Amino acid sequence: MRHATPAIKIWLATLSLILSLVLFGLSLVDSFSKPSVTPTLSLQQQEMSLLADPAVPEAIRPLLLREDPKATLLDALGEIPLDQMNDRQRLLLAGLESPGEERRALLANPVQAPSLIPLQQALLASREDGALSLADREVFGSLRGDPLLQQVGCLALGGDADDCVNPIVARTMALKLVFTGVLPVGMLLVGSGLLLRHLWLLFRKTLPPWPPLQAAPLSLTDMVLLVCGGFVVLGGVCFPILLAPLTSAITHVMDRPLSDAVNILIGYCALSLSTLLVLRQQLRSLKSADRPAGGWLQWRLRPWRSAFFQAVRGFLMVMPLVLLTGWLMVSLLGDQGGSNPLLGLVLSSKDPWALLFFATTAVVLAPLFEELVFRGVLLPVLAKSFGSGWGVFTSALVFGVAHLSVGELPPLFVLGLGLGLLRLSSGRLLPCVLMHALWNGVTFINLLLLGG
């Protein structure tokens, strides 16, 4: 783009915009048909609650557990259509049901996994007044990797709590409940307090003034070329096609989910590289004499400590608004599906290398690249043309749409607003990168705890 004439740039930008709108539209419509990770997360939380139940002290039960974790899980499993249940869910539901016709109906179809066949046979042969026999105890040898199914099956076959409940597992799950349930509530309360304080200071006009916003002298046509041409057309279509043979050669010997993790990492690197190449050409065309202190992107790595505290504060303040937006979205329109597939992969993966690649993509690469594009370049240029408010709004909207999910669009838009306001109030890019990494990191850890 360095030597392109204005006419050629406008033609390329128009073509890129049209292609991007088509691709965005198709992808957003397609997101309606993709599954949502929310039901799985809810079910995992309920399973964890049942395992943790014996280890939770009475004094804090209202904070960690519902009144009856077993009944809650039973109701949740009962809402899943029988033809959509996997073998494990059918056995769990059968174990939670009392012996009788309902249990036999759930066990009518044979399970496919060899490790689950002994439990199915034992449950079919169990009686209401049965006691845990030596043969029943041998059933659980193949279920060591699934403590909940082991516990439920043991109790269903006549065992008592001393036989069936693993105290170490119960204590571990109780600690996980603290991290996935109590700590988020604490952060939500702190964030709400900080947000109310900020609004009060804003009302009293006692907030410190924002530093001047430095923007690279790029045009709106350049932004269309960067986002639509580099990010969507080159990064989302052309580069992945060119790299497909290399990706296939690398991953064809790998098992899932490691192959999925490597595919996602390579795909994201291709997306980033194509966009950064366009941005590099655009910045090289600018006069070096006009370059401000701190560079065009205003990283300003030091002082890093203040950047960290600004990121944490921004994270806590935006958290209540993002959660409220997501809750309103589901309450008014229902779960629209289309969750980021990375969430489901992290939730179900136990491969440490796959999780490392997932974490690298989500917690390192995504914050660096997305903040550089959306808050480092796009927002300042838009603010220069339309004002700070419209710059924050439009960059947040593009940020949300770029994730290609109708269900996640409103919460991501609100998150983008928070990141944009942090960019304006801090006067540099580093706090935005750290806040984005913190958001993705907390989400990643929460998925690990629930999936484990």
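Results, tabulated for the structure shown:
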| item | result |
| --- | --- |
| Residue under evaluation V169, criteria (1) in contact with an Asp or Glu (Cβ under 9 Å, 6 or more places away or on another chain); (2) open to solvent by less than 40 Å² (accessible area, probe 1.4 Å); (3) of a type in the set (A, V, I, L, M, F, W, C), criterion not met | (1) |
| Selection count, the range 309-321, where residues are surrounded by fewer than 20 Cβ atoms within 10 Å (Cβ to Cβ) and within 10 Å of L415 (Cα to Cα) | 1 |
| Qualifying helices (runs of 4 or more DSSP H) (wholly inside the range 358-452; at least 1 residues being out of contact with any Cys (no Cβ under 8 Å at 6 or more places or on another chain), among the basic types (K, R) and open to solvent by 10 Å² or more (accessible area, probe 1.4 Å)) | 379-386 |
| Breaking point among (1) outside any helix (DSSP H, G or I); (2) open to solvent by 20 Å² or more (accessible area, probe 1.4 Å); (3) over 30 Å from L65 (Cα atoms); (4) touching a residue at least 24 places away in the same chain (Cβ under 8 Å), for A216 | (2) |
| Counted residues, the range 78-103 - those being more than 21 Å from P118 (Cβ to Cβ) and among the hydrophobic types (A, V, I, L, M, F, W, C) | 2 |
| From G181, G193, G186, residue being loosely packed, with under 15 Cβ neighbours inside 10 Å, at pLDDT below 90 and not in a loop (DSSP other than H, G, I, E, B) | G186 |
| Index of the failed condition, V278 passing every other in (1) open to solvent by 30 Å² or more (accessible area, probe 1.4 Å); (2) of a type in the set (V, I, T); (3) more than 22 Å from the chain's Cα centre (by Cα) | (1) |
| Residue in the range 99-128 that is surrounded by the fewest Cβ atoms within 10 Å (Cβ to Cβ), counting only those that are among the basic types (K, R) and not in a loop (DSSP other than H, G, I, E, B) | R104 |
| Residue that is farthest from P217 (Cα to Cα), among those in the range 281-290 that are in contact (Cβ under 8 Å) with a residue 24 or more places away in the chain and surrounded by fewer than 16 Cβ atoms within 10 Å (Cβ to Cβ) | R284 |
| Pair list, Cβ < 8 Å and 6+ apart or interchain, from the range 105-125 residues that are within 14 Å of L93 (Cα to Cα) to residues that are open to solvent by 50 Å² or more (accessible area, probe 1.4 Å) and of a type outside the set (S, T, N, Q) | L106/L82; L107/L124; V111/I117; L116/R88; Q120/P110; L124/R104 |
| Residues of the range 248-267 that turn out to be open to solvent by less than 70 Å² (accessible area, probe 1.4 Å) and not in a helix (DSSP H, G or I), as a count | 2 |
| Counted residues, the range 349-375 - those being of a type outside the set (A, V, I, L, M) and over 18 Å from V414 (Cα atoms) | 10 |
| Pairs where the first residue, in the range 143-154, is under 15 Å from L77 (Cα atoms) and the second is modelled with pLDDT under 80 and assigned to a helix (DSSP H, G or I), C-beta under 7 Å, 6+ apart | L149/L143 |
| Those helices (runs of 4 or more DSSP H) lying entirely in the range 1-78 with at least 2 residues touching a helix residue (DSSP H, G or I) at 6+ places or on another chain (Cβ under 6 Å), more than 22 Å from N166 (Cβ to Cβ) and in contact (Cβ under 8 Å) with a residue 60 or more places away in the chain | 6-31 |
| Residue count for the range 79-98, restricted to those that are surrounded by 17 or more Cβ atoms within 10 Å (Cβ to Cβ) and in a loop (DSSP other than H, G, I, E, B) | 1 |
| Scan of the range 14-65 for residues that are acidic (D, E) and more than 25 Å from L343 (Cα to Cα), ordered by number | D53, E58 |
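Yes or no, residue by residue, for (1) under 22 Å from the mean Cα position of the chain (by Cα); (2) over 25 Å from L155 (Cβ atoms):
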site: F24; (1), (2): yes, yes
site: E47; (1), (2): yes, no
site: I60; (1), (2): no, no
site: L65; (1), (2): no, no
site: E79; (1), (2): no, no
site: M85; (1), (2): no, no
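The values are calculated or read from the model by the stated rules, or taken from the named source; none is laboratory data. Note that the structure is a prediction, hence the values are computed from the model and not measured. Using ideal geometry, Cβ is built from the backbone for each residue, glycine included, and neighbour counts are taken over all protein chains shown. Surface areas here come from the heavy atoms of the whole protein model, side chains and all, with no ligands, DNA or RNA. Shrake-Rupley method; radii C 1.70, N 1.55, O 1.52, S 1.80 Å.
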